[in-house]
1. If you check A269 against the conditions, is it within 11 Å of ligand 1 (Cβ to nearest atom), assigned by TED's automatic domain parsing to the domain that holds L320, surrounded by fewer than 20 Cβ atoms within 10 Å (Cβ to Cβ) and small (G, A, S)?
2. State which residue pairs qualify: first residue under 14 Å from T375 (Cα atoms) and touching a residue at least 40 places away in the same chain (Cβ under 8 Å) and inside the stretch 337-357, second residue open to solvent by less than 40 Å² (accessible area, probe 1.4 Å) and part of a helix (DSSP H, G or I) in any location, beta carbons under 6 Å apart, and separation of 6 or more residues or different chains.
3. Which one of these is surrounded by fewer than 17 Cβ atoms within 10 Å (Cβ to Cβ) and among the acidic types (D, E): E225, E216, E242?
4. Just to check your reading of the model, which residue among A421, A406 is over 23 Å from R280 (Cβ atoms) and either within 13 Å of ligand 2 (Cβ to nearest atom) or free of Cβ contacts under 8 Å to residues at least 12 places away in the same chain (or both)?
5. For L264, indicate whether it is open to solvent by 50 Å² or more (accessible area, probe 1.4 Å), without any contact (Cβ under 8 Å) to a residue 60 or more places away in the chain and under 19 Å from D551 (Cβ atoms).
6. Among the residues of the stretch 13-35, write down those that are crowded, with 20+ Cβ neighbours inside 10 Å and in a helix (DSSP H, G or I).
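The values are calculated or read from the model by the stated rules, or taken from the named source; none is laboratory data. The model shown is predicted, which means the values in this text are computed figures rather than measured ones. Every residue, glycine as well, gets a Cβ built from its backbone with ideal geometry; the counts of neighbours run over all protein chains shown. To get the accessible areas, we keep the full protein, side chains included, count just its heavy atoms, and leave off ligands, DNA and RNA. Shrake-Rupley method; radii C 1.70, N 1.55, O 1.52, S 1.80 Å.
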Amino acid sequence: MLNDPITTLKGIGPKKAEQIRRDAGIETVEDLLYYIPRRYVDRSYFKLIKDCFVNETVTVSGTIRNVALAGRRRKFLEVEIDDSTDSLTGVFFGGIRYFMKIFSVGDYVIFSGKMNFYLKKQIVHPDFDFIDDTSGSIHAINTGRIIPLYRSTENLKSLGFDSRGFRRIIKSALDACLTQVEDTIDWDILNRHALIGIREALYAIHFPDTFEQAEEARKRLAFNELFFHQYYLSLSRRYLRETKVKKQIDIDDSRYRSFLSSLLFQLTADQKTAIDEIRRDIESPYPMNRLLQGDVGSGKTVVAMAAVLLACGQGRQAALMAPTEILAQQHFINFQSSICRAIRTVLLTGGMPRAEKQNSYEMITSGGADLVIGTHALIQEDVVFRDLGLVIIDEQHRFGVEQRSALRLKGDVTDLLVMTATPIPRSLSLTIYGDLHVTSIRTMPASRLPVKTMAFGEARLDGVYRSIEKYISQGRQSYYVLPLIEESDKIDLKSAIQVYDFLKKSVFPARRVELLHGRMNQEERDSVMYRFKNGDIDILVCTTVIEVGIDVPNVTVIVIEHAERFGLAQLHQLRGRVGRGREQSFCILISPDDISDESRKRIETIVSTNDGFIIAEEDLRQRGAGELIGVLQHGHGKSFEFADLSLDIDLILYARDVAEKHVSEIIDVASLWEQFMHKKYSPLLNGIRNKKILSILS
Ligand code: ADP
Ligand code: MG
């Protein structure tokens, strides 16, 4: 039976079972079915022995002619086979007694392995299968076909559970129990997307006849994962919608309209759509769960302002959380100058003097403040809102899931707007952000000229300096970014401090060059940033502290040295620091000549496009989903076992459709949700490897 311990299988006693449980997490026969090969090798191509070359990995078959101990002290066993074109000897150094027992003259066998020649053709410790010559059929699981390789450990191997050992027990588990596995997905649902049945998939994931079949099996198992995950998301959306109801407020339209008419620019069409969608969410009785994604510089802040104006009022408050003090301050200044008369705004950051913080706390608690803008300081205990109605998270990928919900929990039923400048490939937004509605700002403000991006070797630095000089003399400013703050013995990279000294003394002695990095104290940083914004600094040498959100429109050049050290998303973010005004801006990527192919590819990608959505897709392709999820959603590095988010977009969409349909037919959402929360939803989970899926949910 599927739920029986693996000791019910032949050859597995309690001791082996315990080691398998410890090293491979396998307890039941069903777990074995889901112990998925890490890869396959193709041994389906048979060669004639006469055609085998030395050092070639081959699969041959033949009849055993001789089994004999050999060597000076009879230390090894030779098993000679013959396929009528030539003969070949399998040589066994270990387990001799066992092999003497199982090989006998006249047996028909298959050998696989790397052939060498030592007096005769041999394979040392070939993998082998016996061929049943009574029926003539081949039941090979180790040779003569596509062979699964399994993860193992030294301890497991010493007990016989190398790939070969796993193949044996997995095969017997399949033979014994596959017919008991029930398909929980209806046949017509599978059929519509050409998905194979669960039994077929579980067999083929281990013992596929072709690589196409292995892929079909993966697809089917991926569908189980995705479907279950989407089911969960869909259920949670419906549960939230139907059980949480907001207090209604009347939107102050005249206040909102006067804000619009005070803007110095026209909103882009995408900005308008975003605001419309947010307005509808705010008016609806259910809490908003919206992700606003828009490339760097696409103008998300003004959308956030609109959201605040729409949602605040009649005592209801809003909170805006940003990942850095610099950014929080920048927002504070912007909000104050744009909506100060309508909305009483306070700032709250960890670096503020005690008394000021105290003042903010009081304003928040008394309701004297309508909006508080701040950093992580907002989620501290001391912060008690009078009536928090809207939570906005800027650059949300910098925060963990817990931090977002911690802020949200400071209100009763709150609207949530999260913003990100790192566009998310659709497959990811449908999975990791599946509980959010997504709004995208794809168009840039029309006044904006696209940044010109160039990549140079270090030999071209002199020319780069001359360009910087030229733009400074026209009144512009520039960023100069390095990956490290200080020199390090371990890696040979230029550091910000080193380059700062060099530029200040030797290259731009007449210019105002300053340094900014994360290890300076808050006051120093603020003062540098303030002077830079004010135009009192020409060149800001810095680390990636400027990466997020900083808006200084007069900067037209950003130089990034050691561009090979940065990821795609990071480079794109850094580039987004320029091109914010009306002037043509430039992004100059400098790297040494001897960099890896991947680094070169990243740089080429950045040079070739300004479109953050394309870059995000490329990032997903180059890095794989697991890592990207970690980047996009801090503390959420888990990925799926079978689904590949960079390939399976169609499957994700399909799984979502099917899941939504299922969920829409549920009558008692609350009680099903309860079951989910208590992890008692086994009917759905049949045929899905429970532990794996559960980890996606937690
Ligand atoms: P991000 O989306 O990266 O947060 P910001 O909100 O900081 O971008 O906007 C970047 C700059 O563009 C700001 O200086 C802002 O005032 C300006 N801006 C925003 N919307 C428009 C628009 N529709 N037309 C012109 N400029 C705009
Ligand atoms: Mg921003």
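1. Working: within 11 Å of ligand 1 (Cβ to nearest atom): yes; assigned by TED's automatic domain parsing to the domain that holds L320: yes; surrounded by fewer than 20 Cβ atoms within 10 Å (Cβ to Cβ): yes; small (G, A, S): yes.
Yes: the conditions hold for A269.
2. G351/E325
3. Values: E225 fails: surrounded by fewer than 17 Cβ atoms within 10 Å (Cβ to Cβ); E216 fails: surrounded by fewer than 17 Cβ atoms within 10 Å (Cβ to Cβ).
The match here is E242.
4. Details: A406 fails: either within 13 Å of ligand 2 (Cβ to nearest atom) or free of Cβ contacts under 8 Å to residues at least 12 places away in the same chain (or both).
Going through A421, A406 in turn, just one is over 23 Å from R280 (Cβ atoms) and either within 13 Å of ligand 2 (Cβ to nearest atom) or free of Cβ contacts under 8 Å to residues at least 12 places away in the same chain (or both): A421.
5. Details: open to solvent by 50 Å² or more (accessible area, probe 1.4 Å): yes; without any contact (Cβ under 8 Å) to a residue 60 or more places away in the chain: yes; under 19 Å from D551 (Cβ atoms): yes.
Yes: the conditions hold for L264.
6. I20, V29, E30, D31, L32, L33
Conditions tested, residue by residue: (1) open to solvent by less than 40 Å² (accessible area, probe 1.4 Å); (2) of a type in the set (S, T, N, Q); (3) modelled with pLDDT of 95 or more.
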{"residue": "N521", "(1), (2), (3)": "no, yes, no"}
{"residue": "G535", "(1), (2), (3)": "yes, no, no"}
{"residue": "T543", "(1), (2), (3)": "yes, yes, no"}
{"residue": "G549", "(1), (2), (3)": "yes, no, no"}
{"residue": "I560", "(1), (2), (3)": "yes, no, yes"}
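Conditions (1) over 27 Å from the mean Cα position of the chain (by Cα); (2) away from ligand 1 (no atom under 16 Å from the Cβ), marked per residue:
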site: S360; (1), (2): yes, yes
site: S366; (1), (2): yes, yes
site: A369; (1), (2): yes, yes
site: I373; (1), (2): yes, no
site: H376; (1), (2): no, yes
site: I379; (1), (2): no, yes
site: V384; (1), (2): yes, yes
site: Q396; (1), (2): no, no
